[in-house]
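Below is one structure; the comments refer to it alone.
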Amino acid sequence: MSNHDSKSRESISRVALKKTTPDVSAAMGSLHAAAVSAAQDAKVEPELLELIRIRASQINGCAFCLDMHTRDARAAGETEQRVYALNAWRETPFFTERERAALALTEAVTLVHDGRVPDEVYAEAAEVFDEQQIAALIWAATVINAYNRIAIATRMVPGAYQPARK
């Protein structure tokens, strides 16, 4: 990081999107809620959604979302081992066939600029998920990618988030 980068990090105040554009922020919240509802209707496990959110946030380098979703995953019973190994999920025996297919699809959606979503990735997902579930997975990946961009662009600070008590 250059001196200019570190200096600008300290001195530039970022827009508070929720305050400045409350209608758009509310629409984003509604999109998130609709995506979660679609996943519930499709019987996609909430734990799998957290893996999707963590993996996309790892790829995008979103510290705020990583903090939030690793906390949520652990609060929901996810193991430390799987959370720590998620960045290298292909090299571990810790993830199921369904999780692997969802993670591959999430990576392809997140890295869509690298060559779209390859047919083989989509076909792998179609082997273990029905159309409603695939749609829910695509929406989950799309929403977290949007939230990653919001958190990164506005430099949301990680550390204060606490999962809701259930």
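Using a Gaussian network model on the chain with a 10 Å cutoff between Cα atoms, which of Gln40, Gln81, Gln58 fluctuates the most?
Answer for the Gaussian network model of the chain: Gln81.
So, with +1 on the Cβ of K and R and -1 on the Cβ of D and E, and no other charges, what is the size of the charge dipole of the chain about its Cα centre, to the nearest 20 debye?
Numbers: 19 positive and 22 negative charges, 205 e Å.
With only Lys, Arg, Asp and Glu charged at Cβ, the dipole is about 980 debye.
In whole Å, how far is the Cα centre of region 14-57 from that of region 113-153?
About 13 Å separates the Cα centre of region 14-57 from the one of region 113-153.
To the nearest 10 degrees, how steeply does helix 131-153 sit against the main Cα axis of the chain, on a 0 to 90 scale?
Roughly 20 degrees, rounded to the nearest 10.
By how many degrees, 0 to 90 and rounded to 10, does the Cα axis of helix 97-110 deviate from the longest principal axis of the chain?
Once rounded, one gets 40 degrees.
Test of understanding: ordering Trp139, Trp89 by Cβ neighbours within 10 Å, fewest first, what list do you get?
Numbers: Trp139 21, Trp89 17.
The fewest-first ordering by Cβ neighbours comes to Trp89, Trp139.
Please give the net charge around Thr70, taking every other residue with its beta carbon less than 15 angstrom from that of Thr70, where Lys and Arg add +1 and Asp and Glu add -1. Provide the component values of the computation, followed by the final result.
Details: positive: Arg53, Arg55, Arg71, Arg74, Arg82; negative: Glu47, Glu50, Asp67, Asp72, Glu78, Glu80.
Every neighbour counted, the sum reads -1.
On C-alpha positions alone, give me the angle between the axis of helix 46-60 and the longest principal axis of the chain, in degrees, nearest 10.
50 degrees
Provide the packing ranking of 143-154, 42-53, i.e. peptides ordered by the mean count of other C-beta atoms within 10 Å per residue, highest first.
Numbers: 143-154: 18.5, 42-53: 20.0.
Averaged packing, sorted descending, gives the order 42-53, 143-154.
Counting only C-alpha contacts under 8 Å and six or more residues apart, can you give the relative contact order of the chain as a whole percent?
Details: 154 pairs, mean separation 55.6, N = 166.
Answer for the chain is 34 percent.
Which one, Val109, Phe64, Gln81, projects farthest toward the positive side of the charge dipole computed for region 45-153 from Cβ point charges (K/R +1, D/E -1)?
Result: Phe64, furthest along the dipole toward the positive end.
FYI, it's all coordinate maths here, none of it is from the lab. Quick caveat: nothing in here was measured; it's all calculated off a predicted structure. In this analysis, Cβ positions are derived from the backbone assuming ideal geometry, glycine residues included, and neighbour counts consider all displayed protein chains.
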